[in-house]
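The values are calculated or read from the model by the stated rules, or taken from the named source; none is laboratory data. No experiment lies behind these values; they were computed from the predicted model shown. Don't worry about glycine lacking a Cβ; one is built from the backbone with ideal geometry, like all the others, and counts go over all protein chains shown.
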Amino acid sequence: MTFKTLILACALLLPAAGAQGQSTLTIRGLGGTTAVVTNADLSKLPSHTIKTLDHGSPATFQGVLLKDVIAKVSLPLGEKYHGTAASYYLLAEGKDGYKVLYAWAELDAGFMDKPVYVVTMRDGKPLPDNAKPFQLVAPGEKRGARWIRQVTSLTIRQAN
């Protein structure tokens, strides 16, 4: 193999390697609906600046509303779910296996106005390695136990 052939082969493979290495967030909704989103997808949603406390210290996050992200799948919304919506929940899972739950009533604006965000930046910089690429932030919570880092999947389920 000549040097030119090697360089050409590397140049052709680099874009594919970059696409494979792109961070994704898998969302599973009702009825088997699924969506996979990337940072590029999130950048198309309305951006929010969230000023809050993280372990008692001021922090400013940039991100999007969780409700906008999960809108890509079937959700327990509308008249059809009037009597059962409160029995659903969202399970968020991190890269390290950490899991947190949000009751659907906490996320549905028909129940309460308590936004949860999917963030990608903190204090004007990309999230640190132990949190990126995606982190959930719920301002106003006294403990950050549900501010799950390195989120890989969001699943909406009904409690049985």
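Contact map, the stretch 134-160: residues that are within 10 Å of Val100 (Cβ to Cβ) paired with residues that are assigned to a loop (DSSP other than H, G, I, E, B) and acidic (Asp, Glu), Cβ distance under 9 Å, separation 6+ or inter-chain. Pairs shown: Trp147/Glu141.
Of all the listed residues (Ala105, Ala85, Ala145), the sole one being at pLDDT below 95 and touching a Gly at 6+ places or on another chain (Cβ under 8 Å) is Ala85.
Between Leu91, Leu107, Leu77, Leu101, the distinction of being among the aliphatic types (A, V, I, L, M) and buried (at least 18 other Cβ atoms within 10 Å of the Cβ) belongs to Leu107 only. For the stretch 111-132, check the following and say yes or no: at least one residue is part of a helix (DSSP H, G or I), at negative phi and among the small types (Gly, Ala, Ser). Checked the stretch 111-132: no residue is part of a helix (DSSP H, G or I), at negative phi and among the small types (Gly, Ala, Ser).
Within the stretch 55-66, at least one residue is closer than 24 Å to Asn160 by Cβ and of a type outside the set (Asp, Glu).
On the basis of being assigned to a loop (DSSP other than H, G, I, E, B), small (Gly, Ala, Ser), under 17 Å from Arg28 (Cβ atoms) and touching a residue at least 40 places away in the same chain (Cβ under 8 Å), does Ser74 make the cut? In short, yes. Taken over the stretch 1-47, residues that are at pLDDT 50 or above, assigned to a helix (DSSP H, G or I) and more than 17 Å from Asp68 (Cβ to Cβ) amount to 3.
Search the stretch 55-71 for residues being of a type outside the set (Gly, Ala, Ser) and in contact with a His (Cβ under 7 Å, 6 or more places away or on another chain), and hand back the single one that is nearest to Leu30 (Cα to Cα). Taking the candidates together, the pick is Leu65.
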